[in-house]
Amino acid sequence: MYNFRYLDSFYNVDIILKHPDFTQTHYHSREYVEARSEKESGRYIFRLEGQRNILLNREPPQEVMDKLMIELGNAVYPLSLVVSQEGEILTVKNFLSVKEQWERKTEAILKEQYTQPLEQYIRIASRNLKQETALRKSLVKKTFIRLFFLPFNTEMFTLKFENFPLRGDLVVFRCEPEQAPTNENTRRYSASLLFPATYQGEGHIRYVHSEAGDLLTTEGQFTITDPDGNTSEKQIFIQTNEEDRHVSGKKNFRSTLLE
């Protein structure tokens, strides 16, 4: 569980797709996270600033649609999330301001870059901001948020990957503890494919946390083979380092008396 008073950290996020024709797609970004504990409730307030330093195959995105998708994805940031000590997202604290910002930014985007498909995409995506619960459910579909906020007491969870192995596809993996952890700060899960039933797939994911409970590293690898024997692979790396991470631990009773 979390055991810090304040956290200020950058996380490098790398997602590598290996295709059946042996080509690769490499997506890189940085996520900034700031968090503080609430003394009265024991909960935490996490502030997420959105994706920065985005690279596609080690280059800044060049296609207009790629740039628009990034701009739309960041239109809901910054996010202020109320999170339990066990790492579960409880509510989006700044939901109303996020909703207002989304409406303002998407209106400006449509005014500058109007197309009928873009208008339709925004109209569908706006359903996720009708209520706070809808936004919260949509947020956990984002790879970084889904993996970063995995509750510590989780025994089994599912991972859904959209547009994998191909655009428009959806695959679902079931992840279960691989073995009893040898280190309480490290957790490892094995993954089996739940959907689609006509495919074969497997994978694993590993978490490493600090003594204060904040995430240091997540590494995942997932493979899937279609009925024609074409195999695709997805690798996920989320990591921080000492230069990008600043954390202060909670005071215990003894240290408070000595101050």
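The values are calculated or read from the model by the stated rules, or taken from the named source; none is laboratory data. Predicted model, so just to flag it, every value in this text is computed and none were measured. Cβ coordinates were reconstructed from backbone atoms using ideal geometry, including for glycine residues, and neighbour counts include every protein chain displayed. Only protein heavy atoms, including side chains, enter the accessible area calculation; ligands, DNA and RNA are left aside. Shrake-Rupley method; radii C 1.70, N 1.55, O 1.52, S 1.80 Å.
Tally the residues that are in a loop (DSSP other than H, G, I, E, B), open to solvent by 30 Å² or more (accessible area, probe 1.4 Å) and either of a type in the set (Phe, Trp, Tyr) or over 16 Å from Val172 (Cβ atoms) (or both), restricting the search to region 208-242. Steps first, please.
Going residue by residue through region 208-242, those that are in a loop (DSSP other than H, G, I, E, B) are 210-214, 226-230, 240-242.
With the extra rule that they be open to solvent by 30 Å² or more (accessible area, probe 1.4 Å), the set shrinks to 211, 226-230, 241-242.
Checking the rest, the ones that are also either of a type in the set (Phe, Trp, Tyr) or over 16 Å from Val172 (Cβ atoms) (or both) come to 211, 227-230, 241-242.
Total satisfying the criteria: 7.
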Out of region 7-38, which residues are under 15 Å from Val83 (Cβ atoms) and loosely packed, with under 15 Cβ neighbours inside 10 Å?
Glu38
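Would you list the helices (runs of 4 or more DSSP H) that sit entirely within region 116-188 and hold 2 or more residues that are more than 13 Å from the chain's Cα centre (by Cα)? Spell out how you get there, then give the answer.
Details: elements: 116-125, 132-139, 143-148.
It comes to 116-125, 132-139.
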Please determine, by comparing only the residues of region 191-207 that are in a strand (DSSP E or B) and over 19 Å from the mean Cα position of the chain (by Cα), which one is farthest from Ser37 (Cα to Cα).
Gln200
Which of the residues that make up region 1-31 are in a strand (DSSP E or B) and among the acidic types (Asp, Glu)?
Asp8, Asp14, Glu31
Residues of region 82-103 being under 30 Å from Ile16 (Cα atoms) and in contact (Cβ under 8 Å) with a residue 40 or more places away in the chain, in sequence order, are Val83, Glu86, Gly87, Glu88, Ile89, Val92
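Would you mind stating whether Glu112 is over 19 Å from the mean Cα position of the chain (by Cα) and open to solvent by 20 Å² or more (accessible area, probe 1.4 Å)? It would help to see each step written out before you state the result.
Details: over 19 Å from the mean Cα position of the chain (by Cα): yes; open to solvent by 20 Å² or more (accessible area, probe 1.4 Å): yes.
The answer is yes for Glu112.
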Test Gly42 against the stated conditions and say whether it is closer than 23 Å to Ile89 by Cα, of a type in the set (Gly, Ala, Ser) and part of a strand (DSSP E or B).
no
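Could you count how many residues in region 86-104 are part of a loop (DSSP other than H, G, I, E, B) and either modelled with pLDDT under 95 or within 18 Å of Arg127 (Cβ to Cβ) (or both)? Talk me through it step by step, then tell me what you get.
The first filter runs over region 86-104 and keeps only residues part of a loop (DSSP other than H, G, I, E, B), leaving 86-88, 93-94.
Subsequent filtering for residues that are either modelled with pLDDT under 95 or within 18 Å of Arg127 (Cβ to Cβ) (or both) retains 86-88.
Qualifying residue count for the region: 3.
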